[in-house]
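*Asks:* Could you have a look at this structure, given as structure tokens, before my questions?
The values are calculated or read from the model by the stated rules, or taken from the named source; none is laboratory data. Note that the coordinates shown come from a computational prediction; the quantities given were computed from them, not determined experimentally. Glycine gets a Cβ as well: all are built from the backbone with ideal geometry, and neighbour counts include every protein chain shown.
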Amino acid sequence: MSWLSVIPVGAQAVGILLNAVGLGKESKPSIDEKCMRLLENEQRARLAELDNKKLIEEMQRKEEAQKEKDREADAQYKKLHERMVELLEKLEKKKLTSFDAIADNDKEAKGAISKLAKEAKPLGLEGNNIALFGVTSAGKSTMLNKLYGKKVAETGIGETTLEIQSYAAKGFTLWDIPGKNDEVSYMSMQYMSFFKGLTHRIILVTYTVKENSSMMKLLDAIGLDYDIVVNKMDQIDDEEEPRFREEIQKEVQRLGLKGIGRIFYVSAKFPAQFPDWLAMVDYLTNPRK
């Protein structure tokens, strides 16, 4: 027998030996190993189930906590509203219908109004919301029409607005706030929330800041900023204009107004005659930086 014929036999013998010790082939999992793997998989599944259960319970706790906060907030708002209503009823009985009159005659009521108003939450108005406050004859309707780009508000005699009106334009919404002698009606929690939700609060005046200073003082008291637009500048003589502007500035200082942002001198009737018109439109229609 040649030595070449012995090699297969030797290789076979080595294979038998290796298999005997479990090295020649991949060993199949034993029953114990299979059981262990099943137990591990079951354990992982139980842990995942527990994690999901804990997550759901945590979400439910947070949801209940938020509901409780909302209930408390609603109850608090109801109390504030009732206190404000009661306070305003007393002021009406005293015939204190403007914030100026309240400030001069009832310091305690003024403080209470300021405190309650500061608790009001801003109304969630979407987009750029511009409100115009102005007394009758300040040219508010003409201003609204020019800003909107077409006639949406009646002008001239009988133009007085009795209720708040809104005019949705491209990129902004205009709000026409009625000019009332009875400012107390604006001191409700709902109105305060509305005022706080506005992007711009524009106080429209003509010959004197005093004509609408009471509303500005109310906004000051609740910590809201505003801008003044002096309208009907076409009725001021050219030679008188520098002195007129100076008087407006002095009046602002004299009245102690705190929340003024900017002052624009315009004419809604003849906007092209006054450069402040374009500056005002740009300021109002572009988002604040």
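*Asks:* Going residue by residue through the stretch 134-156, is there one that turns out to be closer than 20 Å to Ser188 by Cα and modelled with pLDDT of 85 or more?
*Replies:* Yes - at least one qualifying residue is present in the stretch 134-156.
*Asks:* Would you say Ser267 is part of a helix (DSSP H, G or I), within 26 Å of Ala153 (Cβ to Cβ) and of a type outside the set (A, V, I, L, M)?
*Replies:* no
*Asks:* Also, quick follow-up: Collect the residues in the stretch 215-241 that are crowded, with 18+ Cβ neighbours inside 10 Å and either assigned to a helix (DSSP H, G or I) or of a type in the set (S, T, N, Q) (or both), keeping them in residue-number order.
*Replies:* Within the stretch 215-241, Met215, Met216, Lys217, Leu218, Leu219, Asp220, Ala221, Asn231, Met233 meet the criteria.
*Asks:* Something else: How many residues does the stretch 201-214 hold that are outside any helix (DSSP H, G or I) and out of contact with any Gly (no Cβ under 6 Å at 6 or more places or on another chain)?
*Replies:* 7
*Asks:* Right, another one. Of these, Ala131, Ala65, Ala117, Ala109, which one is part of a helix (DSSP H, G or I), among the aliphatic types (A, V, I, L, M), under 21 Å from the mean Cα position of the chain (by Cα) and surrounded by 10 or more Cβ atoms within 10 Å (Cβ to Cβ)?
*Replies:* Result of the check over Ala131, Ala65, Ala117, Ala109: Ala117.
*Asks:* Moving on to the next point. Scan the stretch 67-107 for residues that are among the small types (Gly, Ala, Ser) and either under 17 Å from Met189 (Cα atoms) or at pLDDT below 80 (or both) and jot them down.
*Replies:* Ala73, Ala75, Ser98
*Asks:* Go through (1) at pLDDT 95 or above; (2) outside any helix (DSSP H, G or I) and name the single condition Lys258 misses.
*Replies:* (1)
*Asks:* If a residue has to be within 23 Å of Ser214 (Cβ to Cβ), charged (D, E, K, R) and without any contact (Cβ under 8 Å) to a residue 40 or more places away in the chain to count, how many in the stretch 247-289 make the cut?
*Replies:* 5
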